[in-house]
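For reference, the structure is listed below as structure tokens.
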Amino acid sequence: MLQYIVALIATGIVGYGVNFSVRVISQGDEALVERLGKYRRTLKPGLQFVLPLVDKIAYIDTIRERVLDIPPQSVITNDNLTLEVDAVVYWQIMEIERAYYAIENVESAIQEIVLTSMRSQIGRLPLQQILSTKDEIDKALLKKLDEATSSWGVKVIRVEIQNIVFPENLGIDSTRDRYREHFLSGLQYTNHKL
């Protein structure tokens, strides 16, 4: 009788150990393992083993490319016109360890850098130049973001300004028509009853 109880307890302990030591990491994901609170290793996709009670999976995240939509933001141009500008950022975690331990919230930090960089880049230019140099603005934003996020283990792949909304009181009809015509050729135009 005692043998059965011991066998049952041993089976329970072995089952518990196997249940908490075998992990399956999905394709496109990676996981961080901490041993007694300190980073130990990164788990790649597939069947992985960790020591129960000693190791813990601290973080699991995707390493696939992500899209971050930047909400419309008021931006003042060099010629004192206020525009509403929004953008989209494509980014990817390259080193999950740095993305987890180097910064608290990667996505929020990327969004804040995009907003401040967008205001800075567009604020240097008059409206007419903004319309003709959208690609250069995108490249400048990408360069600034890439520099800022490199220490976080994150790669910003692409930044694109999506919409530029004109002010309602642009002025003379011919000026508005010229701006409208320029936008229709490349950017999405939002009509405010110009």
Handout entry: Reachable aspartates and glutamates, given that their alpha-carbon falls under 13 Å from the alpha-carbon of K134 and they are not under 8 places away in the same chain
Key = D86, E160
Handout entry: Simple label model, 7 Å out from Cα along Cβ direction - I157 to A109, nm
Key = 2.1
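Below 8 Å between Cα atoms, with a sequence gap of 6+, how large is the relative contact order for the range 69-127 in percent? It would help to have the intermediate numbers written out before the result.
Details: 56 pairs, mean separation 27.9, N = 59.
The value is 47 percent.
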Fill in the blank from the handout: Computed over the range 118-168, the relative contact order (Cα-Cα under 8 Å, seq sep at least six) in percent reads 31
Exercise for the section: Compare the Cα positions of N78, P45, A109 along the charge dipole of the range 1-127 (+1 at Cβ of Lys, Arg; -1 at Cβ of Asp, Glu; about the Cα centre) and return the one farthest towards the positive end. Expected result: P45
Handout entry: Normalised convex hull volume, the range 82-175, alpha-carbon set, Å³ per residue
Key = 87
Exercise for the section: Any lysines with Cα under 25 Å of the K56 Cα? List them, leaving off those in the same chain fewer than 8 positions away. Expected result: K38, K44
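When the gyration tensor of the range 49-120 is built from Cα positions, what are the square roots of 5 times its three eigenvalues, in whole Å, from largest to smallest? Walk me through the numbers before you get to the answer.
On the way: eigenvalues 279, 25, 14 Å².
For the range 49-120, the ellipsoid semi-axes come out as 37, 11, 8 Å.
Listed highest first by mean packing, meaning other Cβ atoms within 10 Å per residue, what order do 130-138, 86-94 come in? Walk me through the intermediate numbers first.
Details: 130-138: 16.0, 86-94: 18.1.
Highest to lowest by the protection proxy: 86-94, 130-138.
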Completion exercise
Length gained, Y39-Q128, 0.36 nm per residue minus C-alpha separation, equals 26.9 nm
Handout entry: Simple label model, 7 Å out from Cα along Cβ direction - D79 to I5, nm
Key = 9.1
Problem - Radius of gyration and maximum dimension Dmax of the range 1-157, Cα, Å - result: 24.0, 91
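Let me have the relative contact order for the range 32-116, percent, based on Cα pairs under 8 Å that are six or more residues apart.
Details: 97 pairs, mean separation 21.2, N = 85.
Taking the mean separation of contacting Cα pairs over the length of the range 32-116, I get 25 percent.
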Exercise for the section: For I9, tell me the accessible area in Å² from a 1.4 Å probe, rounded to the nearest 10. Expected result: 100
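K155: net charge of surrounding residues, Cβ under 10 Å, Lys/Arg +1, Asp/Glu -1, itself excluded? The partial results should precede the final answer.
Working: positive: none; negative: E65, E95, D146.
Once all neighbours under 10 Å are counted, the net charge is -3.
The values are calculated or read from the model by the stated rules, or taken from the named source; none is laboratory data. From a predicted model like this one, the values you see are computed outputs, not experimental measurements. FYI the Cβ positions are ideal-geometry reconstructions off the backbone, even for glycines, and counts take in every protein chain you see. Calculation scope for accessible area: heavy atoms of the full protein, side chains included, ligands and nucleic acids excluded. Shrake-Rupley method; radii C 1.70, N 1.55, O 1.52, S 1.80 Å.
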